[in-house]
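One structure is given here, and the rest of the page talks about it.
Readers should treat all values here as calculations from the given coordinates under stated rules, not as data from a laboratory. The structure presented is a predicted model; accordingly, all values stated were derived computationally and were not measured. Neighbour counts run over all protein chains shown; Cβ positions are idealised from the backbone, glycine included.
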Amino acid sequence: MRKFVLFFYWLTGRRHFWQYYTNVTSETCPECLALHGKIVPDPSAFPARDDGCPRELLPFSVWELPEYRERERRMRDLAQAELERRALFAQAMEALEGSPEEALALFDRAGEIELYLSEVERLASEKAEFLAARPDVRRRLGKIFLRRWKGKFGRRRYEVWSERMRLEREKWGKKRIEELFLWE
Ligand SMILES: [Zn+2]
């Protein structure tokens, strides 16, 4: 973005913009995902939402617009990836009993994007009967989840977490996945 565009905003009396921020997780609603990263000149332009999703309107100075546009792009990509991940995970759940091979590949692709322990737990409980009857599938699932869980904390979005927090969370998730899928 050219400096004169920013200067133009400044001349027209614009001092701030606002960016919409939510926390992207498996629970964030689609409306908030669609707003994540969006930039407006007037915060009242954002719809008022009180749906339980974390929501913050972050003001920033006109001069920071180029950086925030870059952030907006990354935030939009993350929200988009989450929608894709949900679709893959849902397809995998659907396919699991009829075509486990296909389901395993889909769970792996979903986990490559992101892996949420709450969904792994939901899967273990909803498919408990099937998994008890198919220990081979259960163990392979456990290995996929373990591998994706290990890769999770290397992502940029977790850089803001302290090293200790990341290690503890990783350890806890590993234990959980082992309990749910990797018992004899
Ligand atoms: Zn929401």
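Cα axis of helix 100-113 to longest principal axis of the chain: angle in degrees, 0 to 90, nearest 10? Once rounded, the angle reads 30 degrees. Pairs of Lys residues in the chain that lie 8 or more places apart, or on two chains, and have C-alpha atoms under 26 angstrom apart add up to 18.
In terms of packing, defined here as the mean over residues of other Cβ atoms within 10 angstrom, the peptides 61-69, 135-143 line up highest first as 135-143, 61-69.
Taking the chain as a whole, the Cys residues whose C-beta sits 4.7 Å or farther from every other Cys C-beta are Cys29. Computed as a quarter of the hull surface, the mean projected area of the alpha carbon convex hull for segment 111-184 stands at 4.8 nm². Relative to the longest principal Cα axis of the chain, at what angle does helix 163-181 sit, 0 to 90 degrees, rounded to 10? It is inclined by approximately 30 degrees. Coordinate range of the alpha-carbon atoms in the chain per principal axis, descending: 70, 33, 29 Å.
With respect to the chain, whose longest principal axis is taken over its alpha-carbon atoms, helix 135-152 is tilted by about 30°.
With a cut-off of 10 Å between beta carbons, the residues surrounding Ile39 carry a summed charge of +2, where Lys and Arg count +1 and Asp and Glu -1. Positive end of the dipole of segment 1-76 (Cβ unit charges, origin at the Cα centre): among Thr25, Leu65, Phe8, the Cα lying farthest that way belongs to Phe8.
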